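The values are calculated or read from the model by the stated rules, or taken from the named source; none is laboratory data. These numbers come from a predicted model, not from an experiment. Quick reminder, even Gly has a Cβ in these numbers, built from the backbone with ideal geometry, and neighbours come from all protein chains shown. Just the protein is used for accessible areas: all its heavy atoms, side chains included, with ligands, DNA and RNA removed. Shrake-Rupley method; radii C 1.70, N 1.55, O 1.52, S 1.80 Å.
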Amino acid sequence: MHTASTDLDDVAWAARAYAQDVMKAIVADRYGSPDVLAFEDRPVPRAGRTDILVEVMATSVTTAEWRMRAGDFGGGMALLGRLLMGITKPRQRTTGREFAGRVVEVGADVTRFSVGDDVFGTTSGANAEVIAVPQGSVVTTMPRGLSYAEAVSLPFGAITALSFLEDRAKVRAGERVLVIGASGGVGVYLVQVARALGAEVTGVCSGANAELVRTLGATHTVDYRTVDIASLPGPFDVVVDTVGKSSFRAFEPMLSPKGRHVFIEGGIRELLQAVTTRFGSGPRVISGVALDDLAGLERVRARVEAGQLRPVIGRRFPMAEVIDAHRLVEARHKQGAVVLDFPGALSAVA
Ligand SMILES: NC(=O)c1ccc[n+]([C@@H]2O[C@H](COP(=O)([O-])OP(=O)(O)OC[C@H]3O[C@@H](n4cnc5c(N)ncnc54)[C@H](OP(=O)(O)O)[C@@H]3O)[C@@H](O)[C@H]2O)c1
């Protein structure tokens, strides 16, 4: 195996030395149902001078994966979504964003990582058995003691939860937080982050998931199938909606005077309300996008290692069953993360 001192010729030599020089990737060449997903054989990539080569051991199928594969951007965002992601077909044909795996090669100028490191992070086109990732991108060593599946279940939901609750809503100890969609991919981390910030959490999910949500830190749970959540007794300091089942107009009466209504699933209306309520004296709307960044990923790792966040995996599928995984995600009733286990096909020759 080669180390950070490897020069470019050595990198090429090492790549040739792998037992397998062809790998599988998952692609979508058009928008549509999960059946548009296909496997493709392609050469194993090489690491550039500042890249690490990661053998992907697990990836996750998130709601963002479903939206990008289906071309379904929700909330009146169809045009903007297509402009960003591809007008008639996905611009990025290799699917996937989160990955966890092992560093099998490092470029000549890599200083942050060594061969053999277990890493996790996010990058475009993560659904490939081997990926080349720039060392300065959203990648870091996995939290101590976690499996690949556990690590890969974190970035999507946990970075989002920290960004919206800690950075934007600035949740404080003693505040009352209502999480709509508390058992979902983002919700399981919203509940934990709100609790870690000292809030009293009420989680909205079906009765079947109430126990899970309580073990994550919710004091109360509400079954949306039997209770009208628009008439819950407030006041709440923060209402977070991950399902698009609330509106600021209907929920404003249950917000405290300095309350924040956070739309993680929101549309153009909520983006406009975020602007119009920003400088008022009453409750306000928080909306927008949480971009994944290295600082956010490092923060997630620190929280996990401090015992404040734990991974939640609803289902695991082998890579070959990616279509079934997408079907489950699209149904909008998964618990936490859905993980795809990759076979670890790239076995290096000593
Ligand atoms: N703005 C951003 O930066 C950002 C970042 C990440 C994600 N997102 C978006 O956030 C949304 C949530 O993602 P996710 O991965 O958390 O979704 P998810 O995993 O599909 O969430 C499902 C959750 O919603 C609950 N639910 C389903 N139907 C409901 C209803 N009618 N009323 C109330 N709750 C209901 C489910 O409960 P049961 O299963 O118990 O029924 C479950 O708790 C997605 O649209 C995603 O695109 C936005």
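Of all positions in segment 16-28, none carries a residue that is surrounded by fewer than 16 Cβ atoms within 10 Å (Cβ to Cβ), among the charged types (D, E, K, R), in the same structural domain as Val104 (by TED's automatic domain parsing) and at pLDDT 95 or above. Restricting to segment 294-312, give me the number of residues that are surrounded by fewer than 19 Cβ atoms within 10 Å (Cβ to Cβ) and either in contact with a strand residue (DSSP E or B) (Cβ under 9 Å, 6 or more places away or on another chain) or of a type in the set (Ser, Thr, Tyr) (or both). Result for segment 294-312: 2. For segment 276-350, the strands (runs of 3 or more DSSP E) that sit wholly inside it and include 1 or more residues that are more than 30 Å from Lys258 (Cβ to Cβ) are 313-318, 337-341.
Just give me the residues in segment 192-203 being more than 20 Å from the chain's Cα centre (by Cα) and open to solvent by less than 40 Å² (accessible area, probe 1.4 Å), in sequence order. Before you say what the answer is, go through the steps one by one.
Residues of segment 192-203 that are more than 20 Å from the chain's Cα centre (by Cα), as a first pass: 197-202.
Hits for segment 192-203 are Leu197, Gly198, Ala199, Val201, Thr202.
Screening Pro34, Pro45 for residues that are at pLDDT below 95 and closer than 30 Å to Ile87 by Cα leaves exactly one candidate, Pro45. Between Glu175, Glu211, the distinction of being crowded, with 21+ Cβ neighbours inside 10 Å and not hydroxyl-bearing (Ser, Thr, Tyr) belongs to Glu175 only.
Taken over segment 188-246, the criterion of being in a loop (DSSP other than H, G, I, E, B) and among the hydrophobic types (A, V, I, L, M, F, W, C) is satisfied by Leu197, Ala199, Leu216, Ala218, Val227, Leu232, Val243.
The condition of being free of Cβ contacts under 8 Å to residues at least 24 places away in the same chain and either under 30 Å from Asp29 (Cβ atoms) or not aromatic (Phe, Trp, Tyr) (or both) holds for only one of Gly145, Gly116, Gly125, Gly136, that being Gly145. Total residues in segment 247-275 satisfying the condition of being under 19 Å from Glu175 (Cβ atoms) and in a loop (DSSP other than H, G, I, E, B): the figure is 1.
If a residue must be open to solvent by 20 Å² or more (accessible area, probe 1.4 Å) and either β-branched (Val, Ile, Thr) or more than 10 Å from the ligand (Cβ to nearest atom) (or both), how many such residues does segment 249-273 contain? Working first, answer last.
Going through segment 249-273, the residues open to solvent by 20 Å² or more (accessible area, probe 1.4 Å) turn out to be 249-250, 252-253, 257-258, 264-266, 268-269, 271-273.
If we keep only those that are either β-branched (Val, Ile, Thr) or more than 10 Å from the ligand (Cβ to nearest atom) (or both) too, we end up with 249-250, 252-253, 257-258, 264, 268-269, 271-273.
Matching residues across segment 249-273 total 12.
Residue count for segment 32-47 satisfying the condition of being part of a loop (DSSP other than H, G, I, E, B) and open to solvent by 30 Å² or more (accessible area, probe 1.4 Å): 3. Exactly one residue out of Thr123, Thr160 is farther than 18 Å from Gly185 by Cα, modelled with pLDDT of 95 or more and open to solvent by less than 40 Å² (accessible area, probe 1.4 Å): that is Thr123.
Yes/no per residue for (1) open to solvent by 70 Å² or more (accessible area, probe 1.4 Å); (2) under 21 Å from Gly266 (Cα atoms); (3) not assigned by TED's automatic domain parsing to the domain that holds Gly267:
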{"position": "Glu55", "(1), (2), (3)": "no, no, yes"}
{"position": "Ala64", "(1), (2), (3)": "no, yes, yes"}
{"position": "Phe73", "(1), (2), (3)": "no, yes, yes"}
{"position": "Gln92", "(1), (2), (3)": "yes, no, yes"}
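Tell me whether segment 236-244 contains one or more residues that are open to solvent by 50 Å² or more (accessible area, probe 1.4 Å) and not assigned by TED's automatic domain parsing to the domain that holds Arg332. Among the residues of segment 236-244, not one is open to solvent by 50 Å² or more (accessible area, probe 1.4 Å) and not assigned by TED's automatic domain parsing to the domain that holds Arg332, which makes the answer no. Got at least one residue in segment 280-290 being within 17 Å of the chain's Cα centre (by Cα), within 16 Å of the ligand (Cβ to nearest atom) and exposed (fewer than 15 other Cβ atoms within 10 Å of the Cβ)? There is at least one residue in segment 280-290 that is within 17 Å of the chain's Cα centre (by Cα), within 16 Å of the ligand (Cβ to nearest atom) and exposed (fewer than 15 other Cβ atoms within 10 Å of the Cβ). Restricting Ser163, Ser153 to those that are more than 22 Å from Val285 (Cβ to Cβ), of a type in the set (Gly, Ala, Ser) and within 13 Å of the ligand (Cβ to nearest atom) reduces the list to Ser153.
Restricting to segment 143-153, name every residue that is over 15 Å from the mean Cα position of the chain (by Cα) and surrounded by 21 or more Cβ atoms within 10 Å (Cβ to Cβ).
Result: Pro143, single match.
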